[in-house]
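Below you'll find the structure, written out as structure tokens, and then a few comments.
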Ligand code: FES
């Protein structure tokens, strides 16, 4: 078990968790609702989208373009690009750098981003 802190998000990693490895350590003070793959999910205004994905058991958050290998947020600071998702229809958004807003639509990304 380990405690990690990245910006506003505090998590407790649980190796024996059955549904998700992460949960909030503090209650949500300013609740909002976002949609993760079409499923409503409670979040705190301003928390990172990657934090929401990590605790909502939406892993992997994307598949690699070559080989379709599973990927999930890793560095939580914009360096690894493993957290790419589609947010409000815009693909390849770094979820660790995007702050959650009420009504935001977050979708996992499979393969390459779409070119419009
Ligand atoms: S988690 Fe590494 S860039 Fe977002």
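The values are calculated or read from the model by the stated rules, or taken from the named source; none is laboratory data. Please read these numbers as outputs of a predicted model, since none were measured by experiment. Cβ placement follows ideal geometry from the backbone for every residue including glycine, while neighbour counts extend to all protein chains displayed.
Quick notes
- The number of residues in the stretch 33-43 being in a strand (DSSP E or B) and surrounded by fewer than 18 Cβ atoms within 10 Å (Cβ to Cβ) comes to 5.
- In the stretch 106-116, of all residues being surrounded by 14 or more Cβ atoms within 10 Å (Cβ to Cβ) and more than 13 Å from the ligand (Cβ to nearest atom), the one that is farthest from the chain's Cα centre (by Cα) corresponds to 113.
- Selection count where residues are assigned to a loop (DSSP other than H, G, I, E, B), over 14 Å from residue 57 (Cβ atoms) and at pLDDT below 50, scope the stretch 12-27: 2
- For the stretch 44-87, filtered to residues that are within 16 Å of residue 108 (Cβ to Cβ) and more than 15 Å from the ligand (Cβ to nearest atom), the residue that is surrounded by the most Cβ atoms within 10 Å (Cβ to Cβ) is 56.
- Failed criterion for residue 39 (all others in (1) away from the ligand (no atom under 16 Å from the Cβ); (2) in contact with a strand residue (DSSP E or B) (Cβ under 9 Å, 6 or more places away or on another chain); (3) at pLDDT 90 or above hold): (2)
- Residue 100 away from the ligand (no atom under 16 Å from the Cβ) and under 12 Å from the mean Cα position of the chain (by Cα): no
- The residues of the stretch 101-116 that are closer than 15 Å to residue 39 by Cα and modelled with pLDDT of 95 or more, listed by number, are 102, 103, 104, 105, 106.
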